[in-house]
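The values are calculated or read from the model by the stated rules, or taken from the named source; none is laboratory data. Every value quoted in this text rests on a predicted model; they were computed, and no experiment measured them. Note that we place each Cβ from the backbone using ideal geometry, even for glycine, and neighbour counts take in every protein chain shown. For accessibility, only protein heavy atoms count, side chains too; no ligands or nucleic acids. Shrake-Rupley method; radii C 1.70, N 1.55, O 1.52, S 1.80 Å.
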Amino acid sequence: MDAMRLIEVNRRALALSQDPIGIVVEVWQSQALAQAIGSRLAVTGPPELRGEALGLSEVGGRACGLLDAPHLGTEDIRAARLTETGDAHAVLVALDRLLGEVGIALVGVAMGAADEGVYWQCMEAIDAADESRDRVLEMLRRLAVRERGLPEPDSAAGPA
């Protein structure tokens with residue numbers, strides 16, 4: 001299944017989740033998808049995205065580890081169905097939107113948490129979602145630089 005379709009499936013499932021457990025499962029699914037998209041872009045994406053894509057994959061994996069793992073079989077993990085990323089720009093824009101929704105959903109769960117452990121788990125997962133978004137936004141910036149034909153700021157030779 002292509003990345004755009006998986007992102008939309010995750011967005012709908014997150015939006016329809018009503019209870020905290022269901023929301024956490026969908027947050028986990030979303031971070032697993034971020035990890036899978038990052039891995040795919042690190043291997044097959046534009047060269048200027050590969051470092052940040054690898055970072056996205058690492059952060060997504062770490063975020064999954066922060067949350068109480070849902071009891072899902074391999075066939076239930078949507079990210080496992082990822083077959084292609086397609087247009088990197090469109091996928092990254094959609095993933096940014098999904099990760100923003102993940103952060104908002106986690107705030108809601110954290111605010112309603114009766115257990116302090118759940119609250120802090122959500123806070124750490126919010127930080128991971130923000131870090132994932134930062135990686136996505138950096139990749140979008142790099143794509144914009146490439147499209148404009150400008151050199152990367154790090155690689156531009158300037159006067160000493």
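Please work out which residue is nearest to the chain's Cα centre (by Cα), limiting yourself to segment 83-106 and to residues that are of a type in the set (A, V, I, L, M), under 20 Å from Ile21 (Cβ atoms) and open to solvent by less than 70 Å² (accessible area, probe 1.4 Å).
Going through the qualifying residues, I end up with Leu98.
Quick one: which residue in Val27, Val107 is in contact (Cβ under 8 Å) with a residue 24 or more places away in the chain, of a type in the set (A, V, I, L, M, F, W, C) and more than 11 Å from Val136 (Cα to Cα)?
Checking each option against the conditions leaves just Val27.
Could you tell me which of the residues Gly55, Gly22, Gly38 is more than 15 Å from the chain's Cα centre (by Cα) and either modelled with pLDDT of 95 or more or not aromatic (Phe, Trp, Tyr) (or both)?
Going through Gly55, Gly22, Gly38 in turn, just one is more than 15 Å from the chain's Cα centre (by Cα) and either modelled with pLDDT of 95 or more or not aromatic (Phe, Trp, Tyr) (or both): Gly22.
Condition (residue is modelled with pLDDT under 90 and surrounded by 11 or more Cβ atoms within 10 Å (Cβ to Cβ)) applied to segment 135-142: is it met by at least one residue? Outline the logic, then answer.
Taking segment 135-142 as the starting set, the residues that turn out to be modelled with pLDDT under 90 are none.
No, the conditions are met nowhere in segment 135-142.
So if I check each of Ala94, Ala114, Ala125, which one is within 20 Å of Leu137 (Cα to Cα) and either aromatic (Phe, Trp, Tyr) or out of contact with any Leu (no Cβ under 6 Å at 6 or more places or on another chain) (or both)?
None of the other options fit; the residue is Ala94.
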